[in-house]
Amino acid sequence: MALRRWDPFRELESLRREMDRIFDEVFGRALFSGRESELEPIEEYARAWTPACDIYETDKEVVVKANLPGVSKDNVEVVVTEDAVTIKGEAKEESEVKEKNYYRKELSYGAFQRVIPLPVPVKSDEAKATFKDGILEIRAPKQEVSPKGKKINIE
């Protein structure tokens with residue numbers, strides 16, 4: 001068995017990630033509803049949802065894919081900045097049932113917003129988005145990043 005050096009900060013980092021996840025689940029959706037100051041009823045809270053996303057980068061671009069089942073591309077707005085992608089939209093319920101004898105209602109409808117921080121700066125004015133089969137794909141070319149420091153000559 002190999003010995004591994006104990007790093008207390010590694011354990012704190014995993015604790016921080018877990019706390020962030022818990023706070024996002026409990027409070028994150030309530031903040032996007034526009035009613036930060038009041039608690040939402042359980043029924044309304046259950047309908048809030050956030051689209052699942054994949055984010056990856058290639059040599060030349062950053063790609064964000066969002067799963068938006070049941071959402072029309074006309075109901076989606078995408079804003080790309082140098083360091084983040086914001087996806088806003090609304091999933092509308094297609095049919096309304098007059099007799100509300102639900103045993104379980106798990107399909108999510110309503111407004112959503114997700115802000116995705118990007119791993120590297122991108123050229124927002126050259127970003128492109130496509131929507132096919134409920135998958136939104138955003139491709140943004142990377143910016144040329146200069147080294148953090150610049151050596152200068154002393155005169």
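Within region 104-134, being at pLDDT 90 or above and hydrophobic (A, V, I, L, M, F, W, C) holds for Val115, Ile116, Leu118, Val120, Val122, Ala127, Ala129, Phe131. Scanning region 73-82 for residues that are touching a residue at least 12 places away in the same chain (Cβ under 8 Å) and either closer than 10 Å to Val115 by Cα or not charged (D, E, K, R) (or both) returns Asn75, Val76, Val78, Val80, Thr81. Looking only at residues in region 135-155 that are among the hydrophobic types (A, V, I, L, M, F, W, C) and at pLDDT 90 or above, which one is farthest from Thr86 (Cα to Cα)? Checking each candidate, the answer is Ile135.
The values are calculated or read from the model by the stated rules, or taken from the named source; none is laboratory data. As the structure is a computational prediction, the values presented were derived from the model and not from experiment. Every residue, glycine among them, receives a Cβ derived from its backbone with ideal geometry; neighbour counts consider all protein chains shown.
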